[in-house]
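Data first, discussion second: the structure below is written as structure tokens.
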Amino acid sequence: MQTKCTLTKEQIDGAIAFHGHHCPGLTIGLRAGEWCLREMGRAGDEEIVVVTETDMCGDDAIQYLTGCTFGKGNFIFRDTGKVVFTFYRRSDNKRARLALNPEFAADLRVKQESLTADQKEELALLRQERIDRMMNAELNELFNISVPESEMPHPARIHQTIRCDLCGEGVMATRIQKVNGKQVCLDCAAK
């Protein structure tokens, strides 16, 4: 099968192993990560920053391929429910917003959603067809690529840890709330 994807077999297999399986969602992240590698490179430390607007399988592929991670503070989750990934490069302020084209493979998605769980063979075939179609697409067909209006996120910061007056657990100072004169964590504040 001829593919437009320029990732190596090792990169694809590594992302699949990291995630646990290959699915259409992971494929979206593979292709977004491919764009980042081609246009910005791989993050050495915090040079590249990714803001993801979804908590789906593709996030794993992007983390694996780009080297951006939650732990380093250069992989940021902004929950809008959109399949959108915004990439920033600190050295030259390069930035791009990749929004999944909702029309891409919509016909296959509608077919897949109409099947029931007991139609396993048809589901597997449609999932594979979606994966193949995404792997063979030009990136500008799969994604609507634009320059984001948002500013680059600040570098990761280390904040003081404060003990919650109610549960006793340590909490990042920026997440402490004052409730009845006490410093409390978000969980205790919600009770």
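The values are calculated or read from the model by the stated rules, or taken from the named source; none is laboratory data. The structure displayed is predicted, hence computed values, not measured ones. Here the Cβ positions follow ideal geometry from the backbone for every residue, glycine too, while neighbour counts run over all protein chains shown. These area figures cover heavy atoms from the full protein model, side chains too; ligands, DNA and RNA do not enter into them. Shrake-Rupley method; radii C 1.70, N 1.55, O 1.52, S 1.80 Å.
General remarks:
- Residue count for the range 1-42, restricted to those that are surrounded by fewer than 14 Cβ atoms within 10 Å (Cβ to Cβ) and either of a type in the set (Phe, Trp, Tyr) or under 13 Å from the mean Cα position of the chain (by Cα) (or both): 1
- Those residues of the range 1-48 which are assigned to a helix (DSSP H, G or I) and hydrophobic (A, V, I, L, M, F, W, C), in sequence order: ILE12, ALA15, ILE16, ALA17, PHE18, LEU26, ILE28, LEU30, ALA32, TRP35, CYS36, LEU37
- Residue match in the range 100-112 (condition: touching a residue at least 24 places away in the same chain (Cβ under 8 Å) and β-branched (Val, Ile, Thr)): no
- Filtered by the rule that a residue be in contact with a Pro (Cβ under 9 Å, 6 or more places away or on another chain) and hydrophobic (A, V, I, L, M, F, W, C), the range 100-125 gives ALA105, LEU108.
- Candidate set: the range 63-72, residues that are touching a Phe, Trp or Tyr at 6+ places or on another chain (Cβ under 6 Å) and open to solvent by 40 Å² or more (accessible area, probe 1.4 Å); chosen: the one farthest from GLU46 (Cα to Cα): TYR64
- For the range 49-72, a residue qualifies if it is among the aromatic types (Phe, Trp, Tyr) and outside any loop (DSSP other than H, G, I, E, B), and exactly one does: TYR64.
- Number of the condition not met by PHE70 [criteria: (1) at pLDDT below 95; (2) over 16 Å from the mean Cα position of the chain (by Cα)]: (2)
- Long-range neighbours under 8 Å by Cβ, at least six apart or interchain, first residue free of Cβ contacts under 8 Å to residues at least 40 places away in the same chain within the range 136-161, second open to solvent by 50 Å² or more (accessible area, probe 1.4 Å): HIS159/MET172; HIS159/THR174; GLN160/MET172; THR161/GLY170; THR161/MET172
- Hits in the range 144-188 (condition: more than 30 Å from VAL49 (Cα to Cα) and among the small types (Gly, Ala, Ser)): GLY168, GLY181
- Strands (runs of 3 or more DSSP E) completely within the range 73-191 that count 2 or more residues being over 20 Å from GLY58 (Cα atoms) and open to solvent by less than 90 Å² (accessible area, probe 1.4 Å): 170-172, 177-179, 182-184
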